[in-house]
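To start, the structure itself, in structure tokens.
The values are calculated or read from the model by the stated rules, or taken from the named source; none is laboratory data. Predicted, not measured: the structure shown is a model, and the values here were computed from it. Glycine also receives a Cβ, built like all others from the backbone with ideal geometry; neighbour counts cover every protein chain displayed. Calculation scope for accessible area: heavy atoms of the full protein, side chains included, ligands and nucleic acids excluded. Shrake-Rupley method; radii C 1.70, N 1.55, O 1.52, S 1.80 Å.
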Amino acid sequence: QVQLVESGGGLVQPGGSLRLSCEASGGIFSGYVMGWYRQAPGKQRELVATITGGGVTNYRDSVKGRFTISRDNAKNTVYLQMNSLQPEDTAVYYCNFRGRGDNYWGQGTQVTVSS
């Protein structure tokens, strides 16, 4: 059974940094697209960043230059380094692994940016 476990969320002041991790078990995901999404209260879930098996990345405009997505295929893990965090980045962050007709989600980790 495939399981995605996220970690690294928390409370941070504006301008601070956090690093999210998402480790998958129960399969091999080197060819999958890995991504991070977020959902703020009262809003729809939105794409934050994705990375292909070949390392091609894609970011939503509001996080470009602040967030960096990376992956370690040997560890079945995707990371999201978040710098210069702002209150509008507050949300539950979900990791996603997609490929070969599969679509897996993590349970979500809360990120709160507040002074």
### Message
Looking for something part of a loop (DSSP other than H, G, I, E, B), surrounded by 12 or more Cβ atoms within 10 Å (Cβ to Cβ) and modelled with pLDDT under 95 - is there at least one such residue anywhere in the range 45-57?
### Response
yes
### Task
Mind listing whichever residues of the range 69-86 are in a strand (DSSP E or B) and either more than 20 Å from Phe29 (Cα to Cα) or aliphatic (A, V, I, L, M) (or both)?
Ile69, Val78, Leu80, Gln81, Met82
#### Entry: Subset of the range 87-106 that is assigned to a strand (DSSP E or B), hydroxyl-bearing (Ser, Thr, Tyr) and open to solvent by 10 Å² or more (accessible area, probe 1.4 Å) - its residue that is farthest from Ser7 (Cα to Cα)
Tyr104
### Query
Among the numbered criteria (1) closer than 17 Å to Ala91 by Cβ; (2) out of contact with any strand residue (DSSP E or B) (no Cβ under 8 Å at 6 or more places or on another chain); (3) touching a residue at least 40 places away in the same chain (Cβ under 8 Å), which single criterion is violated by Ser30?
(1)
### Residue check, Gly16 outside any strand (DSSP E or B), among the small types (Gly, Ala, Ser) and in contact with a Leu (Cβ under 9 Å, 6 or more places away or on another chain)
yes
### Message
If I go through the range 1-12 residue by residue, how many of them are more than 13 Å from Gly108 (Cα to Cα) and either surrounded by fewer than 14 Cβ atoms within 10 Å (Cβ to Cβ) or of a type in the set (Ser, Thr, Tyr) (or both)?
### Response
3
### Task
Mind listing whichever residues of the range 13-44 are farther than 14 Å from Tyr104 by Cβ and either of a type in the set (S, T, N, Q) or open to solvent by less than 40 Å² (accessible area, probe 1.4 Å) (or both)?
Gln13, Gly16, Ser17, Leu18, Leu20, Ser21, Ser30, Arg38, Gln39, Ala40, Gln44
